[in-house]
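Visitor: Structure incoming, see below.
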Amino acid sequence: MSANSKIEWCDHTFNPWEGCQKVGPGCDHCYAEARNARFAGGQAINWGAGAPRRRTTEASWRMPLKWNANACWFVQCGICGWRGESKGAICGGCHGCDTQPARPRVFCASLADVFDNAVDPGWRADLFELIAATPNLDWLLLTKRIGNVNGMLADIRHGNDPDLSVLDMMPLPNVWIGATITSQAEAERDIPKLLAVPAAKRFLSMEPLLGPVDLTQLLHQPCLHAHLAGTDPDTGTWECCKACDYTGISDDLGIDWVIVGGESGPNARPMHPDWARSLRDQCVAAGVPFLFKQRLPEQRPQELRGLSRCRPLDSPCFLSPSILFTRSRHGNH
């Protein structure tokens, strides 16, 4: 349930538990549900309403502690972009010496959703205790339930101060929060919710991309005075203030990274290359790093020419352990 990852936008994958429930069109061909069924004799026993979520083993939970201890050897190549552990600071891809210290990224969770309503809240508290114990790792928490995040973080209490919640301490320096966005409707509904979550970095996973999406009005934080905005009674136009040129949108970026990809697997739905190109162009114009992850099997590489694969730069600094969270009493499930 935890391993070095083949997912190109992270370095490790960690699953604290397994199981979920479909909540939108992006879930229709869920690879994790199919995997669960394959290992359970044909039925996805941990998927759906009322299905039990399965906590992973204690050995799996110890793996991030190992990655954290080895993070001092983690580098990124300035030539080919390779990332990994290298005690000699030699690139494992092109074998060059142009490497810089980097922070390992942990995707959590590929077989579940951290902010799933059906998960034992004590498990989530255990996860944030683990995150606090691994300050040299950047944790990328991706969810399809972005509206749950602030409330669930508010329910996790500090181990030494029951009046202090994780939400009170956000943004934690090693926690990135991401939202899955597959369509314009989801972008307009969920990106404002993501912007309302305090986070060291916020990112969008736009995969599977199911249609064209315009992010131009959604990549920036709202103006600090937007809550006072309204319709001008004389002109009938919606106005905010002079600071934002009466748009209601500030100059401060709210989204730090956009990841785009098509659907994979049997019955994969088509993704038009122009949808990805448009998102790339929007990100370039706004100064937001863009990563194109995955094309459909029937698409030739030349059809997707020009879709660059760039990532945010890593900081070489390391963080110090700071907080402990309430740990639940549990057995292995």
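The values are calculated or read from the model by the stated rules, or taken from the named source; none is laboratory data. Keep in mind the model is a prediction, meaning the values are calculated, not measured. Ideal geometry is used to build each Cβ from the backbone, glycine not excepted, and the neighbour counts take in all protein chains shown.
Visitor: What are the residue pairs meeting all of these: first residue in the range 246-262, first residue over 14 Å from GLN282 (Cβ atoms), second residue modelled with pLDDT of 90 or more and of a type in the set (Lys, Arg), Cβ atoms under 6 Å, and 6 or more apart or on different chains?
Guide: ASP256/LYS201; ASP256/ARG202
Visitor: May I pose another question? Return the total of residues in the range 130-151 being among the polar types (S, T, N, Q) and either under 18 Å from ALA69 (Cα atoms) or buried (at least 21 other Cβ atoms within 10 Å of the Cβ) (or both).
Guide: Residues that pass the stated criteria total 3.
Visitor: From the list LEU111, LEU65, LEU127, exactly one residue is surrounded by 20 or more Cβ atoms within 10 Å (Cβ to Cβ), farther than 20 Å from ILE259 by Cβ and not aromatic (Phe, Trp, Tyr). Which is it?
Guide: LEU127
Visitor: Can you work out which of the residues in the range 93-108 that are in contact with a Cys (Cβ under 9 Å, 6 or more places away or on another chain) and free of Cβ contacts under 8 Å to residues at least 60 places away in the same chain is surrounded by the most Cβ atoms within 10 Å (Cβ to Cβ)?
Guide: THR99
Visitor: Given the condition closer than 27 Å to THR216 by Cα and in contact with a Lys or Arg (Cβ under 7 Å, 6 or more places away or on another chain), answer yes or no: does some residue in the range 150-167 qualify?
Guide: Checked the range 150-167: no residue is closer than 27 Å to THR216 by Cα and in contact with a Lys or Arg (Cβ under 7 Å, 6 or more places away or on another chain).
Visitor: Let me ask something additional. Determine if the range 80-87 includes at least one residue that is surrounded by 14 or more Cβ atoms within 10 Å (Cβ to Cβ) and either within 14 Å of the chain's Cα centre (by Cα) or of a type in the set (S, T, N, Q) (or both).
Guide: Yes, the range 80-87 has at least one match.
Visitor: What is the number of the single condition among (1) of a type in the set (A, V, I, L, M, F, W, C); (2) at pLDDT below 70; (3) part of a loop (DSSP other than H, G, I, E, B); (4) under 18 Å from the mean Cα position of the chain (by Cα) that ALA32 does not meet?
Guide: Looking at each condition in turn, ALA32 falls short on (3).
Visitor: Let me ask something else about it. Of all residues in the range 196-219, how many are farther than 22 Å from PRO171 by Cβ and of a type outside the set (D, E, K, R)?
Guide: 9
Visitor: Just checking, does the range 198-208 include any residue being closer than 19 Å to VAL260 by Cα, buried (at least 17 other Cβ atoms within 10 Å of the Cβ), modelled with pLDDT under 95 and not polar (S, T, N, Q)?
Guide: Checking the range 198-208: at least one residue is closer than 19 Å to VAL260 by Cα, buried (at least 17 other Cβ atoms within 10 Å of the Cβ), modelled with pLDDT under 95 and not polar (S, T, N, Q).
Visitor: While we're here: Pairs needed: first member in the range 46-67, closer than 30 Å to GLU85 by Cα; second member anywhere, in a helix (DSSP H, G or I) and at pLDDT 85 or above; C-beta distance under 7 Å; at least 6 residues apart or different chains.
Guide: Sorted first by the residue in the range 46-67, then by its partner, the pairs are ARG55/TRP123; TRP61/LEU130; PRO64/LEU130.
Visitor: Out of everything in the range 87-115 that is among the small types (Gly, Ala, Ser) and more than 30 Å from ASN46 (Cα to Cα), what residue ends up being modelled with the highest pLDDT?
Guide: Ranking the candidates gives ALA102 first.
Visitor: Right, here's the next one. Hey, among the residues in the range 157-189 that are touching a strand residue (DSSP E or B) at 6+ places or on another chain (Cβ under 9 Å) and of a type in the set (Asp, Glu), which one's modelled with the lowest pLDDT?
Guide: By that ranking, first place goes to ASP163.
Visitor: Quick one: would you say ALA154 is surrounded by fewer than 20 Cβ atoms within 10 Å (Cβ to Cβ), at pLDDT 95 or above and under 13 Å from the mean Cα position of the chain (by Cα)?
Guide: no
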